[in-house]
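Engineer: Here's a structure for you.
The values are calculated or read from the model by the stated rules, or taken from the named source; none is laboratory data. Remember, it's a predicted structure, so these values are computed and weren't measured experimentally. We place every Cβ from the backbone using ideal geometry, glycine too, and count neighbours over all the protein chains shown. Accessible surface is based on the protein model in full, side chains and every heavy atom, while ligands, DNA and RNA are left aside. Shrake-Rupley method; radii C 1.70, N 1.55, O 1.52, S 1.80 Å.
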Amino acid sequence: LSSQKKFDEIKRANQAAAKKLVEDQFSSSSEDDDEDAEIKQGKILAKTFTIYTSQTDGDASELERTRQYMNEAFQSGAMTCLICIASVKRNQAVWSCCGCFCIFHLVCIQKWAKDSLFLVSSPLTDDDFGKKDYPWPCPKCRFEYKRSETPSRYYCYCGKVENPTLDPWLVPHSCGQICEREFKPSCGHKCLLLCHPGPCPPCPKMVTTTCHCKKAKPVPRRCSAKEWSCRLPCGRMLLCGQHTCENSCHAGDCQPCPRVSKQRCICGRQTAERLCASPQWQCDQVCGKPLPCGNHTCEQVCHAGPCGDCPRSGKRSCPCEKSKFTLPCTEDVPTCGDSCDKVLECGIHKCSQRCHRGPCEICRQEVEKQCRCGKHTKRMPCHKPYLCETKCTKIRDCQKHQCRRKCCPGNCPPCDQVCGRTLGCRNHKCPSGCHRGSCNPCPETVDVKCNCGKTVIKVPCGRERTIKPPKCKQLCSRPPTCHHSTQEKHYCHFGRCPPCRQSCQKALACGHLCPVSCHDEALVKQTGVHQSAGPWEQPSEPAFIRTALPCPSCQVPIPV
């Protein structure tokens, strides 16, 4: 029984290892290094773009942005989750932002949304909690989503299929159906590509439309470029009512009239050259026309219409506004002698002076005042603020530092210190203000180059140590290390060049040329270099060195 139990355990372990190996075969394209994978990638891209380029006669150049996102889906390590800084594999559940189209692990974005909502709602009191639907942002573009938009299930890019099946002949995380997402800006048509990452290309449909000024005949054009100009003068009447628009056919409203003309001000006293688009203007002269009372003049600055009645005519109030008098406009209203009783700046006490002209004095009454934090009281003049010297000991919203503000009323401001924690990339520190929870992903990108530096891919900061260098299609430019003038053609690479396979062609002593392969850098096993100290010492692996071997003896038969 014990042997059968051990056999079953080993069998299950082998099955699990085999299953993991099969899953790893369908991981991100960092493991597809052979040229068959590139041919396969080209076939998938061609199949995805077939409907756009053939059935609708679309321009393939307009697909470049979408093609870039799809190439990143296949490229070595290009698809990286910015939250955990790990590669996104084909068999992992993902979520794509609708603002920047960046791809994250579904589990990572769920944790990110939960932490963001907690950090936003944590400073609230129990009364305020739950009354407002606070949003959470995308880690890369900061596009805001509602709490109800937190992803809970794994969908393909177009959102039709839940948990799309793993297919090596489809774009990773794609359902393989036609996208059918509406174009942005909306034109009434839908995307015809197969389910794809990134933004949809411009609408390729043909529509018949006229130019902006409606003078040209309607012509068939792409829906994405249906707005066009005939380049003829616009000719629409401008707002001035005198001139027409001389600009070439354009979209939107016409610009203000650029012509200059002599125009009078509103009161008609001054004339100046001004833009035709602004005919009404005010000079800085006081009107000065006599009012109906005959004693005063109008004090308004350059106005239209009649000046109106004298502002000092009719019933007027005393300064405290308790008594009214009917007096000629030439006499000033006297004070009534009653107490002022206007509310002072403190908002509590009233002015105790007699009815007076001008502003009231500051409040000088002695009152028992409480400081802003409510811990101390003091008797002092009402108009003076009272701030104690006690420093606040409450912890700020970062849950690390104390407020330390004098006489704090309790609404401690956000922490003003810099976070300074090392980010997940291990290269930079968090520049944000001190905060709770995990820091935002590092926004920097790093260039990973091939050996010659001509092929470059951009990866998130921190991934440059684990990412594979890009495959370069340029020929290796290193000088040959053997006696040949040129080396065999091979692509750019790291490390030593492969051994030369050209024929030696050195002249032998007999006059013939050496026909064997180049042997200037042959690997030779070293023997007898290290002597073991005793039988207890483990034997070391044999060492190999590169050395030039002499040409073998000539094998050409000759008559003797």
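Engineer: Between LYS11 and GLN110, what FRET efficiency follows from the Cβ-Cβ distance if R0 is 41 Å, with the result rounded to 0.05?
Structural biologist: Once the sixth-power term is evaluated, E becomes 0.70.
Engineer: I need the semi-axes of the equivalent ellipsoid of region 432-488: take the C-alpha gyration tensor, multiply each eigenvalue by 5, square-root it, list largest first in whole angstrom.
Structural biologist: 41, 9, 8
Engineer: At 222 nm, what helix-only mean residue ellipticity would the chain give, in deg cm²/dmol to the nearest 500, using -39500 (n - 2.57) for each DSSP H run of four or more? Display every interim value, and only then the final one.
Structural biologist: Working: 4 runs with 65 residues, N = 560.
Rounded to the nearest 500, it is -4000 deg cm²/dmol.
Engineer: Could you sort PHE7, PHE143 by accessible area so the largest value comes first, with the probe set to 1.4 Å? Please list the in-between numbers first.
Structural biologist: Values: PHE7 125, PHE143 90 Å².
So the residues, ranked largest to smallest area, are PHE7, PHE143.
Engineer: Which is farthest toward the positive dipole end of the chain among LEU475, PRO306, CYS265, measuring Cα position about the Cα centre, with Cβ charges +1 (Lys, Arg) and -1 (Asp, Glu)?
Structural biologist: Among LEU475, PRO306, CYS265, the one farthest towards the positive end of the dipole of the chain is PRO306.
Engineer: Given H placed on each backbone N at 1.01 Å, which residues far from HIS401 in sequence or on other chains put an amide H within less than 5 Å of it?
Structural biologist: ARG396
Engineer: While we're looking at this one, here's another question. Using only Cα atoms, find the angle between the long axis of helix 64-74 and the longest principal axis of the chain, and express it within 0 to 90 degrees, rounded to the nearest 10.
Structural biologist: Helix 64-74 sits at roughly 50 degrees to that axis.
Engineer: Could you pull out which residues in region 258-272 have an amide N less than 12 Å from a spot 7 Å beyond the Cα of GLN300, following the Cα-Cβ vector?
Structural biologist: Residues passing the 12 Å test: 267.
Engineer: Please give the per residue accessible area of the chain, computed with a probe of 1.4 Å over protein heavy atoms only, in Å². Spell out each step's value before the answer.
Structural biologist: Details: 37030 Å² over 560 residues.
With the other protein chains kept in place, the chain gives 66 Å² per residue.
Engineer: Could you tell me the calculated FRET efficiency between ARG269 and GLN242, based on Cβ-Cβ distance and R0 = 25 angstrom, to the nearest 0.05?
Structural biologist: Result of the calculation: an efficiency of 0.60.
Engineer: Using Cα pairs under 8 angstrom and six or more residues apart, how large is the relative contact order of region 299-430, in percent?
Structural biologist: Reported as a whole number, the value is 12 percent.
Engineer: Right, another one. Hey, what D do you get for region 191-242 in µm²/s if you plug the Kirkwood alpha-carbon radius into Stokes-Einstein at 20 °C and 1.002 mPa s?
Structural biologist: D, rounded to a whole number, is 156 µm²/s.
Engineer: Would you mind getting me the FRET efficiency between ALA507 and THR466? Use the beta-carbon distance for r and R0 = 45 Å, nearest 0.05.
Structural biologist: Working from the Cβ atoms, E equals 0.30.
Engineer: Then there's this: Relative to the first principal axis of the alpha-carbon coordinates of the chain, what is the inclination of helix 2-25, with its axis defined by its Cα atoms, in degrees from 0 to 90 and to the nearest 10?
Structural biologist: Helix 2-25 sits roughly 70 degrees off the main axis of the chain.
Engineer: Follow-up. Just subtract the alpha-carbon distance of SER485 and THR390 from 0.36 nm times their residue separation and send over the number in nm, one decimal.
Structural biologist: Taking 0.36 nm per residue and subtracting the Cα distance, the gain is 25.7 nm.
Engineer: May I pose another question? How many percent of the alpha carbon pairs in region 372-417 exceed a separation of 15 Å?
Structural biologist: Values: 492 of 1035 pairs.
Cα-Cα pairs in region 372-417 separated by more than 15 Å: 48 percent.
Engineer: Show me the ranking of peptides 162-173, 102-113 by mean Cβ neighbours inside 10 Å, starting with the highest.
Structural biologist: Ranking the peptides 162-173, 102-113 by packing returns 102-113, 162-173.
Engineer: Another question, if that's okay. Carbon and sulfur together cover what percent of the accessible area of region 372-417 at a 1.4 Å probe radius?
Structural biologist: The value for region 372-417 is 47 percent carbon and sulfur by accessible area.
Engineer: Tell me the angle of helix 35-48 to the major Cα principal axis of the chain, expressed in degrees between 0 and 90 and rounded to the nearest ten.
Structural biologist: Helix 35-48 and the main axis of the chain meet at about 40 degrees.
Engineer: With each pseudo-label sitting 7 Å past Cα toward Cβ, what's the LYS215-SER517 distance in nm, one decimal?
Structural biologist: About 7.7 nm, to one decimal.
Engineer: Only one of the listed values, [x] 18, 49, 30, 3, 0; [y] 17, 40, 25, 14, 3, 0; [z] 11, 23, 28, 23, 10, 4, 1, 0, was derived from the coordinates as P(r) over Cα pairs in 20 Å bins from 0, in percent; which label is it?
Structural biologist: Evaluating P(r) over Cα pairs in 20 Å bins from 0, in percent on these atoms matches [z].
Engineer: Can you pull the one-decimal nm distance between simple spin-label points at THR455 and GLN280, each 7 Å off the Cα toward Cβ?
Structural biologist: Label-label distance for THR455 and GLN280, simple model: 7.0 nm.
Engineer: In whole percent, what relative contact order does the chain give with Cα contacts below 8 Å and a gap of six or more residues? Write down the numbers at each step before the final one.
Structural biologist: Working: 882 pairs, mean separation 37.5, N = 560.
Here the relative contact order equals 7 percent.
Engineer: Moving on. Lysine pairs in region 315-442 8 or more apart or on different chains: how many have alpha carbons under 23 angstrom apart?
Structural biologist: Qualifying lysine pairs in region 315-442: 27.
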